[in-house]
Amino acid sequence: MIKALTIAGSDSSGGAGIQADLKTFSALGIYGTTVITILTAQNTKTVSDVFITPPEFFKNQLLTTLEDIKPDIIKIGVLYDDSIIEIVYDTLRHLKIPIVLDPILISGTKVKLLKESSIGNFKTKIIPLSFVITPNLIEAKILTGDKISTENEVIEAAYKIKKLGASNVIIKGGHDPNRNQKIVDILVEKENDNITKLYNDRLKIAETHGTGCNFSSALASFLAKGYGIKESFFLANDYVKEGLKNIAKIGNGIGVTNPMMNLYLNSSRYKVFTSLYKSVKILEELKDFYLLIPETKTNFVYSLENPKSMQDVAGIVGRITNFGNKIRSPNVVEFGASSHLSKAVISAQQLNRLFRSAINIKNNKQILDVCKANFVCTWYSRDEEKPENKDKEGFTISWGVKNAMEKLHNAEVVFHHGDYGKEPMILIFGKDPLEIIDKIKIIISKLNSN
């Protein structure tokens, strides 16, 4: 397993520091270890206090970790003062491990995280250790003492920082006060002083906390995986852009990025997809399921938690059809594939958060009697629906399920007796597709025993 060590501060709000580093390492499949330089009492509005790790204990953390767990890469964040800087320098200078240096000089809430008296030591001892340093514009101005407002001045600043000993320099342009439509991040490489400019559209979002930590730890992760500096630069940029789509407003101050959200969403989508696909295969082998298929045929859906739209609900492309005493399915599952059942399960979840799966089956007296005898059932009638709602395509199912479940909150089956041009239908809900199949098996068993 690829391993990374982060030497950084702890952020009690969880948005930056070692907390952000570990989230990013985990999201990218890297095992992260930590050596903590400072503890902050911090929220989304301010850093109210800083506790510096006692030098002796800090050194013990670092040596003990390195003695047993050899990292493939080291990421350095907040160092705070000379006591920490000296230990880091003495310990790391002889190691042949690439170092990604995120020169955190000021917090997102404008609190200084490197003492002014330690900046000189930081420049002469820590920057030369770095394989790549990743200052933002504010940090680049502090390190160079220059005014930086144009692309050429950014490049000049990168060369100045490179002359301090860093092999590669990336200056991030997100703090550009000009608020142009485009943000430019600039990489100056060790090899031949190559310059790479990476342009991104400025997102219409408020100021965020933790993006610098996410970027530098993502950069470290890709470097550890064997990508070159330029490729890692691009990949880390993409990773942060995805994280910025999931900004969380966790307090009353600035928002934080959530680098684990995409990992969770992708994992959830995969589990929903595979579970539904396997369950459809089970239905295909289920004896006498054809007896339950209505004239308009059957669909089967499974949603993510808290679905917001059809794109959060997986269904079968086309429908399950009967062919004699057998059934046929397209065997294609996609998110957003079933309009009516997707709306049904979204409405059901508003009243019962556990209901994430649904199937529609034939409604006749025999099947409905079995359902009423074995499950909690409720119903709706289109006679109760307002005419203006009936005229809107697809609105009836949402209205109907909500109307029915408001009558009986613990209902697991919703039925209706049809309308002009509308076939009577039974909808069965469950927490997942396997629970739906268990209910289908009960119905088939009871039908066969009658």
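Bear in mind these aren't lab numbers, they're just calculated from the coordinates by the rules spelled out. On a predicted model such as this, the values are computed, not experimentally measured, just so you know. Positions of Cβ are generated from backbone atoms using ideal geometry, with glycine treated the same way; all protein chains shown enter the neighbour counts.
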* So which trypsin sites (Lys or Arg not before Pro) in segment 1-86 pass both tests, a DSSP loop state and at most 16 other Cβ atoms within 10 Å of the Cβ? -> Lys45
* Asked: Under 15 Å from the Cα of Lys45, which aspartates and glutamates turn up, not counting those fewer than eight places away in the same chain?
  -> Asp11, Glu207
* Per residue, how much space in cubic angstrom lies within the convex hull of the C-alpha atoms of segment 342-383? -> 105
* To do: Lys and Arg at +1, Asp and Glu at -1: add these up for the other residues within a Cβ distance under 15 Å of Ile30 and post the number.
  => +3
* Gaussian network model of the chain, springs between alpha carbon atoms under 10 Å - residue of Phe323, Phe429, Phe51 with greatest fluctuation -> Phe323
* Asked: What pairs from Lys362/Lys407; Lys23/Lys110; Lys182/Lys241; Lys59/Lys110 go past 20 Å between their alpha carbons?
  -> Lys362/Lys407; Lys23/Lys110; Lys59/Lys110
* Any idea which of Asn325, Ile346, Leu304 is furthest toward the positive side of the dipole for segment 284-356, if Lys and Arg beta-carbons carry +1 and Asp and Glu beta-carbons -1? -> Ile346
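Compute, for segment 74-160, the length of the dipole vector about the Cα centre, with Cβ point charges of +1 (Lys, Arg) and -1 (Asp, Glu) only. Units Debye, rounded to 20. Each step should come with its number before you reach the end.
Numbers: 11 positive and 11 negative charges, 25 e Å.
Using Cβ point charges on Lys, Arg, Asp and Glu, segment 74-160 gives about 120 debye.
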* Spatially proximal lysines relative to Lys190 (Cα-Cα < 23 Å; intrachain offsets below 8 disregarded) -> Lys75, Lys96, Lys123, Lys125, Lys141, Lys160, Lys162, Lys163, Lys172, Lys225, Lys230
* **Surface/4 estimate of mean projected area, convex hull on alpha-carbon atoms of segment 256-353, nm²** => 7.1
* **Kirkwood hydrodynamic radius over Cα pairs of the chain, then Stokes diffusion coefficient at 25 °C and 0.890 mPa s, in µm²/s** => 96
* Structure fact -> Classified through the alpha carbon gyration tensor (a ≥ b ≥ c as square roots of its eigenvalues; rounded if a/c is under 1.5, else prolate when a/b is larger than b/c, else oblate), segment 265-449 comes out rounded
* Amide H to amide H, which residues 5 or more places from Asp432 or on other chains are under 5 Å from it, using H placed in the peptide plane? -> Arg356, Ser357
* Asked: Amide H to amide H under 5 Å from Asn136: which residues, 5+ apart in sequence or cross-chain, H placed 1.01 Å off N in plane?
  -> Lys172
* **Cα radius of gyration and Dmax for segment 17-174 (Å)** => 15.5, 46
* Near Lys271, which aspartates and glutamates are there with a Cα under 13 Å away, not counting those fewer than 8 places off in the same chain? -> Glu305, Asp312, Glu334, Asp432
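Could you give the size of the charge dipole of the chain about its Cα centre, using +1 on the Cβ of each K and R and -1 on the Cβ of each D and E, expressed in debye and rounded to the nearest 20?
Details: 57 positive and 49 negative charges, 166 e Å.
Roughly 800 debye, rounded to the nearest 20.
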* **Computed E for Lys281/Lys45 - FRET, C-beta separation, R0 51 angstrom, nearest 0.05** => 0.45
* Would you work out which of Leu39, Trp379, Thr134 lies farthest towards the positive end of the dipole of the chain? Charges go on Cβ: Lys and Arg +1, Asp and Glu -1. => Trp379
* DSSP-loop GluC sites (Glu not before Pro) across segment 285-364, with at most 10 other Cβ within 10 angstrom -> Glu295
* Answer with one residue from Ala27, Leu5, Pro71: the one whose Cα lies farthest towards the positive end of the charge dipole of segment 1-121, charges on Cβ with Lys, Arg +1 and Asp, Glu -1. => Ala27
* Backbone HN-Hα couplings from phi across segment 22-37 [Karplus 6.51/-1.76/1.60, Hz, Gly and Pro as x] -> 5, 4, 5, 4, 5, 4, 9, x, 9, 8, x, 10, 9, 10, 8, 8
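Percent antiparallel among DSSP beta bridges with both residues in segment 265-449, to the nearest 5?
On the way: 23 of 26 bridges.
Beta bridges within segment 265-449, antiparallel portion: roughly 90 percent.
Where does the charge balance sit around Lys326 when Lys and Arg score +1, Asp and Glu -1, over other residues with C-beta under 12 Å from its C-beta? Write out the running numbers ahead of the final one.
Working: positive: Lys287, Arg328; negative: Glu284, Glu285, Asp288.
In short, -1.
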* Asked: Which residue, Ser347, Ser48, Ser107, tops the fluctuation ranking in a GNM of the chain built on C-alpha contacts under 10 Å?
  -> Ser48
